[in-house]
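Read-outs: derived from the displayed coordinates by stated rules, not from any lab. All values reported here derive from a predicted model rather than from experimental measurement. Note that we place each Cβ from the backbone using ideal geometry, even for glycine, and neighbour counts take in every protein chain shown.
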Amino acid sequence: MIFLAPLLIQAEAEPARFLPPLAVPFRVVTERDQQGVSGHYRFRVERLVRFARDGLGYRAELRVTAVEGEGSEDVSTMFEASYSGLTGRTLVLRLDAAGKVIAIDDREAVWAAVCDSVGRIFALRTHKSAEERALLARRIAEPLRSLPPERQLRVLGSILDAMIAHEPGEAIGTRQVRVPGDSPFGGKLSLTGTRTVAPIPLGRRISVEASGDAALPAANGSQPPSGHVVLAILRDFDTATGLLTASSETVTSQLDQPGISPTVRIATTRVERLDPAAWPAD
């Protein structure tokens with residue numbers, strides 16, 4: 001999984017501004033790529049999004065229009081399977097005034113479709129009989145169905161979160177930061193580095209560069225190996241709307257052992273504003 005870490009921000013930062021254009025479609029393309037000792041995988045998902053007012057908050061319609069995945073890694077299969085379950089369906093997400101997803105219409109039915117898709121695609125990639133694949137698909141899907149509603153909301157909402165800039169309105173400049181999160185080697189990790197906020201036309205650019213060492217679990221009482229992680233984040237957003245225009249996150253993890261190549265994980269998102277006529281007819 002890509003190292004998605006929260007960033008520690010100065011307490012005096014102002015709240016983020018969220019004023020998305022209404023009835024305007026956006027094309028959002030997310031790509032994930034990993035290259036390392038375990039092989040290579042690539043994943044791409046494209047969706048259309050448009051916003052409308054909904055009480056004090058907003059209503060977002062979202063349609064997954066394309067899903068592509070390559071590679072034998074389970075994580076690639078999981079990404080492809082989960083988004084494939086949403087293809088051809090219009091999701092309706094309810095947001096508060098700050099752009100946080102607080103509800104999803106027909107969440108239970110949407111989640112069931114995702115779970116079924118995950119089970120089905122994993123099962124199809126085995127060499128079992130049709131009957132055995134059907135049984136395996138149910139065994140994979142059932143535990144996912146039992147996830148708490150708040151977890152379901154968080155997972156489903158992440159497909160929209162990729163285009164929303166939740167960062168507070170920080171002052172221009174560079175500061176020291178600590179970035180906690182999940183280590184690519186397992187367990188927790190804390191990286192240290194810098195966070196820079198710089199002006200760009202119509203918006204802001206936030207860049208983070210951080211690194212740190214990580215200890216790995218010891219095997220059979222031996223001296224545990226260690227690793228090193230380097231994180232680079234770049235996020236461009238429109239300050240007038242609170243929407244991202246582009247982002248990238250690169251994580252390079254290296255085991256301190258001779259002959260082992262580093263693993264590089266890259267996640268990118270591009271947001272393109274479209275003509276209102278680009279939204280497909282129902």
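Just want the ordering: LEU231, LEU147, from fewest to most Cβ atoms lying within 10 Å of their own Cβ.
LEU147, LEU231
Report Rg (one decimal) and Dmax (nearest whole number) for region 26-163, counting Cα atoms only, units Å.
According to the Cα coordinates of region 26-163, Rg and Dmax are 16.0, 52 Å.
Under a plain spin-label model, where a point goes 7 Å from the Cα along Cα-to-Cβ, how far apart in nm are ILE260 and ALA232?
Result for the modelled spin labels: 2.3 nm.
How do ILE121, ILE233, ILE260 line up, fewest other C-beta atoms within 10 Å first?
By the 10 Å Cβ count, ascending, the order reads ILE260, ILE121, ILE233.
Mean 1/r over all different Cα pairs, inverted: what Kirkwood radius does region 139-282 give, in Å?
Roughly 18.4 Å, rounded to one decimal.
Can you compute 3J(HN,Hα) from phi for each residue in region 195-209, using the Karplus curve 6.51 cos²θ - 1.76 cosθ + 1.60 with θ = phi - 60°, rounded to whole Hz and x for Gly and Pro?
10, 10, 10, 9, x, 9, x, 6, x, 9, 10, 10, 10, 10, 10
For TRP279, TRP111, what's the fewest-to-most ordering of other Cβ within 10 Å of each Cβ?
Exposure proxy ranking, most exposed first: TRP279, TRP111.
What is the Cα radius of gyration of region 16-58 over 2.2 N^0.38 Å, N being its residue count?
Dividing the Cα radius of gyration by 2.2 N^0.38 Å gives 1.82.
Using all alpha carbons of region 114-194, what is the percent of pairwise distances in each 5 Å bin, ordered from the shortest bin to the longest?
Reading upward from the zero bin: 3, 11, 12, 11, 15, 15, 11, 8, 6, 4, 2, 1, 0.
Taking R0 as 51 Å, what's the FRET efficiency between ALA215 and TRP279 from their Cβ-Cβ distance, rounded to 0.05?
0.50
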